[in-house]
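Notes follow the structure.
The values are calculated or read from the model by the stated rules, or taken from the named source; none is laboratory data. Keep in mind that this is a model prediction, so the values were computed, not measured. Heads up, the Cβs are rebuilt from the backbone with ideal geometry, glycines too, and the neighbour counts pull from every protein chain shown. Each accessible area value is taken on the protein alone, full model and side chains, heavy atoms only, with ligands, DNA and RNA left out. Shrake-Rupley method; radii C 1.70, N 1.55, O 1.52, S 1.80 Å.
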Amino acid sequence: MMTEQKYLIRTMTAAEIALAVDWAAAEGWNPGHQDADCFYQGDRQGFFVGLLDGEPIATISAVKYNQEFGFIGFYIVKPEYRGQGYGWQIWQRALDYLQGCNIGLDGVLAQQANYQKSGFHLAYRNIRYQGVTGGLSSPSPHLVPLEDAMAWEDVLAYDDQCFPAPREEFLRTWCHQSGHQAIAYQEDGILRGYGVLRPCRVGYKIGPLFADTPEVAEIIFLALKAIPTAENTIYLDVPEPNQAAITLATKYSLQVVFETARMYTGQAPSIALDKIYGVTSFELG
C-alpha cells in the first residue's frame with residue numbers, strides 16, 4: 001500500500017542556495033558564478049526549499065530588505081513536479097514571509113496573469129540585451145575602482161536613489177566579490193555613477209549600472225565592457241522607461257534576448273529610473 005508523500009517547506013541553508021542557482025542555470029537564467037554567496041547576504045532567512053520525502057523539488061527566494069520592501073525570485077519547481085500544487089504552496093510561504101511589505105518581482109511575461117491573481121500589478125518591463133565584450137574604452141580621470149572612490153556611505157547613498165530599500169550587506173558583498181569588477185565615476189569628489197561586471201555561466205553581466213547622465217553611463221559601460229581579455233558575451237538588463245538606457249544598448253549593437261515584467265503588490269517605489277541603466281539582478285531586484 002502506497003503511503004502519502006510528505007512535502008516539507010523550510011528555510012534553506014547557505015549551501016542549499018547553490019542548488020537554487022543551479023536550477024536557475026538549467027532554466028536558462030544564466031546566474032553569476034558567485035551569486036549564491038552574494039544573494040545569501042541579502043536575507044539569510046529569505047530562501048526556501050520544498051522537500052518531497054526529503055528530495056528538493058521546489059525553491060523560492062523572498063528577500064526582506066526591511067519591513068516595507070521585499071523581492072521574490074528563484075521561483076522554480078522541478079519539471080516533473082509541476083502542476084501538482086507544490087509550487088503554489090512554496091509561493092504562499094514566500095508571500096507569508098513578506099507579509100506587510102510591498103513585494104516586487106521580475107516575472108516572465110507569460111506569467112503576468114498568474115501574478116496578478118496574487119495581487120501583483122505591472123509597473124514596467126525590463127529588457128535583457130546581449131552583446132559582445134571588448135571595444136575601446138576612452139581613458140577618463142573620473143573612473144576609479146569603486147573601493148578607491150570614496151566613503152562607502154556615499155555609495156550606499158547613491159544606491160538608495162535607485163533601489164527601494166537599503167541593502168548594505170548584499171551590496172558590499174556584490175561589489176567586492178572575487179571576480180566582480182566595480183567601477184565608480186567621480187567628479188570633484190562627488191559620486192556620479194557606478195557599475196559592476198560579474199562573470200556568469202555564459203559570458204558576463206553588467207549590473208547595477210547607475211549614473212547621473214547618459215554620458216556618465218556610457219563611460220562606465222564601455223569601461224566595464226572592455227575588461228574581459230577574451231571576446232565573450234555580455235548582458236545588460238534595462239528598465240524600459242529609461243529611454244536613454246535603451247539608446248545606449250542599441251548604440252553598441254546589443255540585441256534584445258528577452259523581457260520580464262517588473263511587478264509590485266503596492267505602488268511602484270519612487271526610485272530614480274532615469275539613473276538606472278542596468279538592473280542589479282532579476283532575482284533580487
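Brief remarks follow.
- 25 °C / 0.890 mPa s Stokes-Einstein diffusion coefficient of segment 51-115, Kirkwood radius on C-alpha pairs, µm²/s: 195
- Cubic angstrom per residue, convex hull over Cα atoms of segment 85-129: 97
- Given Lys6/Lys205; Lys117/Lys225; Lys64/Lys275, the pairs whose alpha carbons are separated by over 30 Å: Lys6/Lys205; Lys117/Lys225
- Quarter of Cα convex hull surface for segment 147-196, i.e. mean projection, nm²: 3.3
- A simple rule links phi to the HN-Hα coupling: the Karplus curve 6.51 cos²θ - 1.76 cosθ + 1.60 with θ = phi - 60°, which for segment 213-225 gives 9, x, 5, 5, 4, 5, 5, 5, 4, 5, 5, 5, 4 Hz, with x for Gly and Pro.
- Dipole of the chain computed with +1 at Lys/Arg Cβ and -1 at Asp/Glu Cβ about the Cα centre; of Gly83, Tyr235, Gln34, farthest Cα towards the positive end is Gly83.
- Cα gyration tensor, segment 128-278 - rounded (a/c under 1.5), prolate or oblate: rounded
- Ligands, DNA and RNA left out, the 1.4 Å accessible surface of the chain is 49% carbon and sulfur atoms.
- Kirkwood Rh, Cα atoms: Rg over Rh of segment 7-123: 0.93
- Each Lys and Arg contributes +1 and each Asp and Glu -1, all at the Cβ; summed about the Cα centre of segment 128-278, the dipole is approximately 640 debye.
- Across the chain, the mean sequence separation of Cα contacts (distance under 8 Å, 6 or more residues apart), normalised by length, yields a relative contact order of 23 percent.
- Stokes-Einstein diffusion coefficient of the chain, Kirkwood radius over Cα pairs, 20 °C, 1.002 mPa s, in µm²/s: 110
- The chain, dipole about Cα centre (Lys/Arg Cβ +1, Asp/Glu Cβ -1), debye to the nearest 20: 720
- In order along segment 195-201, phi translates into HN-Hα couplings of x, 10, 10, 9, x, 10, 4 Hz, rounded to whole numbers, per the Karplus curve 6.51 cos²θ - 1.76 cosθ + 1.60 with θ = phi - 60° and x for Gly and Pro.
- Within a Gaussian network of the chain (alpha carbon springs, distance under 10 Å), most fluctuating of Asn242, Asn30, Asn232: Asn232
- Taking amide H as placed 1.01 Å from N in the peptide plane, the amide H of Arg192 sits under 5 Å from that of Tyr185, Gln186, Glu187, each at least 5 places away or on another chain.
- Counting charges near Val216 (Lys, Arg +1; Asp, Glu -1) among other residues having Cβ under 9 Å from its Cβ returns a value of -3.
- Relative contact order %, segment 142-252, counting alpha carbon pairs below 8 Å whose residues are six or more apart: 21
- Cα point-scatterer Debye curve for segment 74-174, base-10 log of I(q)/I(0) at q = 0.14 Å⁻¹: -0.88
- Å² of accessible area per residue within the chain, as computed with a 1.4 Å probe and no ligands counted: 44
- Size descriptors for segment 24-65: radius of gyration and Dmax over Cα atoms are 11.7, 32 Å.
- Amide H to amide H distances under 5 Å link Cys101 with no residue, where only residues 5 or more positions off or on other chains count and H is placed in the peptide plane.
- Given +1 at the Cβ of Lys and Arg, -1 at the Cβ of Asp and Glu and no other charges, the dipole of segment 1-77 around its Cα centre is 180 debye to the nearest 20.
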